[in-house]
Each structure stands twice: as C-alpha cells, then as structure tokens.
Amino acid sequence: MLSTILKLRTAVAALALVFGSSAALADTTFAVSIDTTMFGNTGWIDFQYNPAIPGVSPATAVTLSGFQGFDPGAAVETTSQVSGSLASGYVIGNGETFNSLFHAVNYGQVLSFDVTFAGDNVDLSGGAYGSLFGVWAYDADVTATLGASSAADGRLLDITWAPATAPGGSGTFNAVSYSDAASISAVPEPSSWLMLGIGGLLVAGAAYRNRRTNAA
C-alpha cells in the first residue's frame, strides 16, 4: 500500500512539473480563431506587432502560421518589418514603430492561425518595455471595424509580451479577446504533451495496481 501511495505521489509530482515549469514555454505559442460568419462577404484582417518604445523594446518577432480559411491568392499589403508568405508563414518584427500585415479575406467562416513569439526575453533598461500583437477585422472598404469589439480602436484581440528584467527570465504574456467572435488559447510544446502523457500513464498504472491489491 505504501508503495502505491509513493507511486501516486510521484505521478502527481510529474503532472505538477508539467503544468508548473512548462507555463512559460507553452505561452510562447497561441492558437487564434475568429468566427466571421456575421461579418459579411469580404474584408480585411490586419495583424500588427509593435514595440512599446522603438529601439528600446527588446528585439522580438512573431511568426504567423497554420492558416485556415485564408485564400493564398488574396491581396496582401505590408508595412515595415513583415516577410514570408501564407504557405511558409509570415514573420512580423518589432523593429519599427508600426509593423503591419494587411490580408484580404472572405468572411462567412472561421479563420484560424497560430502566433509564435521569439527573440530577446530580457530588458535590462529597467522599464520592461515589451511589444503588442493585435488583430483587427475591417469591412471591404476599410471604413469600419467588425466583430462588435469592446476595445476603443475596434481590435478583436491582442497579446501583450512583457520581457523579464533580469538574465535568465522568460518574460510574461497577457492575451485578451475583446469580441465574442475571437478566441485565444495557449499551445503546449511537444515536450509538455510528452510529460503529461507520462504522468497520466503513471497515475493510471498506480490506480490499477491499487485496485488489484484491494481486490486481493
């Protein structure tokens, strides 16, 4: 019985390690979906990644990938530090004041993509000047924002990244949705899923052995 209890404690500790230590890793990638069924026929999605203070905020970039519902042949307009394609993924840097990817879309469906943050995690200036990733939806004439956003500028969602203020830190993220049409969720890294699976197997095995012991 003591052996079973110890194994259960070990498994629980493994699960705690997964959810505790991997939080910073999991928060570097987010899955975003936008339900555009009430947006009309066509329009534009604006992706922006801008620094709090250009030249002071640590150099970072976001990679947009895994696009679903986007037309590869649609018109695209970019401003400042934007590179890539829909197929390979777009990269938006934060080296300029305004960095934007403006993508034409067909509404009436759920649009989705992943956004991954990478770069310098530490700001030693003392101000912890991070960067902000935001998404807007516009009508075809770019005269109105869509999605009934509660944000003053009509953005559907944003993810704020604040760098660590000491070497070895990982920084923090704050993801906010301003519209019922937009959702954001963290994407665990493969190593986190592996550890979670191992922890689950340990728990299941210990529970099975405990049931057999009690039955005997």
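Run the numbers for residue 110 and residue 152: contour at 0.36 nm per residue of separation, minus the present Cα-Cα distance, in nm. Can you show the working numbers first?
Numbers: separation 42, 0.36 × 42 = 15.12 nm, distance 2.38 nm.
12.7 nm is the gain from fully extending residue 110 to residue 152.
How long is the gain from residue 97 to residue 140 if the chain were fully straight, where each residue apart is worth 0.36 nm and the alpha carbon distance is subtracted?
On the way: separation 43, 0.36 × 43 = 15.48 nm, distance 2.58 nm.
Separation in residues times 0.36 nm, less the Cα-Cα distance, equals 12.9 nm.
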Next on the checklist: Starting from 0.36 nm per residue, how many nanometres of slack lie between residue 38 and residue 170 once their C-alpha separation is accounted for?
Outcome noted: 43.7 nm
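For segment 81-128, count the residues as N, evaluate 2.2 N^0.38 Å, and divide the Cα radius of gyration by that value, please.
Working: Rg = 14.7 Å, N = 48, 2.2 N^0.38 = 9.6 Å.
My calculation over the Cα atoms of segment 81-128 gives 1.53.
Cβ neighbours within 10 Å, averaged per peptide: list 118-126, 57-65, 44-52 in order, most packed at the top. Walk me through the numbers on the way to the answer.
Numbers: 118-126: 14.2, 57-65: 20.2, 44-52: 21.8.
Going by the mean number of other Cβ atoms within 10 Å, highest first, we get 44-52, 57-65, 118-126.
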Item to check | Peptide ranges 145-152, 68-75 listed from the most packed, as the mean C-beta count within 10 angstrom indicates | outcome: 145-152, 68-75
Item to check | Tail beyond 27 Å, pair distance distribution of segment 27-187 (Cα, percent) | outcome: 20 percent
Next on the checklist: Can you give me the C-alpha center-to-center distance between segment 48-104 and segment 115-132, rounded to a whole angstrom?
Outcome noted: 17 Å
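Every number here is computed from the coordinates shown, using simple stated rules; none is lab data. Since the model is a prediction, treat every value here as computed from it, not as a measurement. Neighbour counts are summed over all protein chains in view; Cβ atoms, including those assigned to glycine, are modelled from backbone coordinates with ideal geometry.
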